[in-house]
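Structure first, then comments.
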Amino acid sequence: MIIDVLKKSIPEYKITLPNENKTFSYRPMLVKEEKYIAIINNIKSTFEEKILNLCNLVDSCFDNKIKSEHLSITDFQIALNEIRQKSISELADFQMVCPESGEQVKVQLNLESFKLNTKSKNFTLKTQGNTIFKFENPKVKTLLLLDDYPKTEEDWFLILCGSLVEIENEKEKISIKDKSLEEKTSYIELLQKSDFLEIKKFIRSNTVSFKINYKLSDSTPKEIEVNDFVNFLKFFLVILTS
């Protein structure tokens, strides 16, 4: 049948997602994914709608063998980047505003040049009272606790709470991964400020990054780095179809 011939003609690629430590097959974006792209690019779409439809896009290209909401943000970034490369090109041409001069510049970025900054899948914090808190790399679903890209300390607090998986002291060990946000919050609120900053540093450092090189109109060379998942998502929404 013609439809079977069409399906067999679609390229298939393999990728190993580092946090999952598994290899998956995926394909480029097809016309069927345009419905997700339309919602993502709609200026009226909410933050939640954009994230959920990015997830739907990735899930679809992976033939629904993964559930993107449950991926670490790092694995999600890598999956998005690979899909964009195989669907359009390894090169992304776009315009951006130089954060220093305010000048609009044209940029070409090789998407194969990303750097994986993830050092560990988990972070363990031992408090002065010898209680051990274990956090995992934040999942994509954790972002859905927010109304927009994380900006405030309250936003980061929610992400930390969502990433808490285990608490242990000399007498007991509690698996809290699937507990309510309210219960997780009750534990996080008892940490010291220095503890909060350490956990936040771990959360923000586990990401992929790109170095973007460009020149101003007077030929002055510049370089900036997209090195956190907030800016990555904003950046990716720009290059998704460009």
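Does any residue of segment 174-188 turn out to be over 13 Å from PHE135 (Cα atoms) and among the small types (Gly, Ala, Ser)?
There is at least one residue in segment 174-188 that is over 13 Å from PHE135 (Cα atoms) and among the small types (Gly, Ala, Ser).
If GLU136 satisfies every condition in (1) crowded, with 17+ Cβ neighbours inside 10 Å; (2) over 22 Å from the mean Cα position of the chain (by Cα); (3) acidic (Asp, Glu) but one, which is the exception?
(2)
Return the residues of segment 61-73 that are in a helix (DSSP H, G or I) and either buried (at least 22 other Cβ atoms within 10 Å of the Cβ) or touching a helix residue (DSSP H, G or I) at 6+ places or on another chain (Cβ under 6 Å) (or both); say none if nothing qualifies.
Passing the criteria: CYS61, SER68, GLU69, ILE73.
So, LYS134, is that one at pLDDT 90 or above, under 21 Å from HIS70 (Cα atoms) and in contact with a helix residue (DSSP H, G or I) (Cβ under 8 Å, 6 or more places away or on another chain) or not?
So LYS134 does not fit the description; no.
From the residues in segment 187-230 that are touching a residue at least 40 places away in the same chain (Cβ under 8 Å), of a type in the set (D, E, K, R) and in a strand (DSSP E or B), which one is farthest from LEU116 (Cα to Cα)?
Among those that are touching a residue at least 40 places away in the same chain (Cβ under 8 Å), of a type in the set (D, E, K, R) and in a strand (DSSP E or B), it is LYS215.
Hey, could you check segment 167-218 for residues that are among the polar types (S, T, N, Q) and farther than 30 Å from GLN108 by Cβ and say which is surrounded by the most Cβ atoms within 10 Å (Cβ to Cβ)?
THR185
Give the number of residues within segment 21-40 that are buried (at least 16 other Cβ atoms within 10 Å of the Cβ) and either in contact with a Lys or Arg (Cβ under 7 Å, 6 or more places away or on another chain) or part of a loop (DSSP other than H, G, I, E, B) (or both).
5
Do you know which residues across segment 111-131 are of a type in the set (S, T, N, Q), modelled with pLDDT under 90 and on the phi < 0 side of the Ramachandran plot?
SER113, ASN117, THR118, SER120, ASN122, THR127, GLN128
Is at least one residue of segment 177-189 modelled with pLDDT under 85 and hydroxyl-bearing (Ser, Thr, Tyr)?
No, because not a single residue in segment 177-189 is modelled with pLDDT under 85 and hydroxyl-bearing (Ser, Thr, Tyr).
Please enumerate the residues belonging to segment 88-97 that are at pLDDT 90 or above and either touching a His at 6+ places or on another chain (Cβ under 7 Å) or buried (at least 17 other Cβ atoms within 10 Å of the Cβ) (or both).
none
The values are calculated or read from the model by the stated rules, or taken from the named source; none is laboratory data. Quantities reported herein were computed from a predicted structural model and do not represent experimental measurements. Don't worry about glycine lacking a Cβ; one is built from the backbone with ideal geometry, like all the others, and counts go over all protein chains shown.
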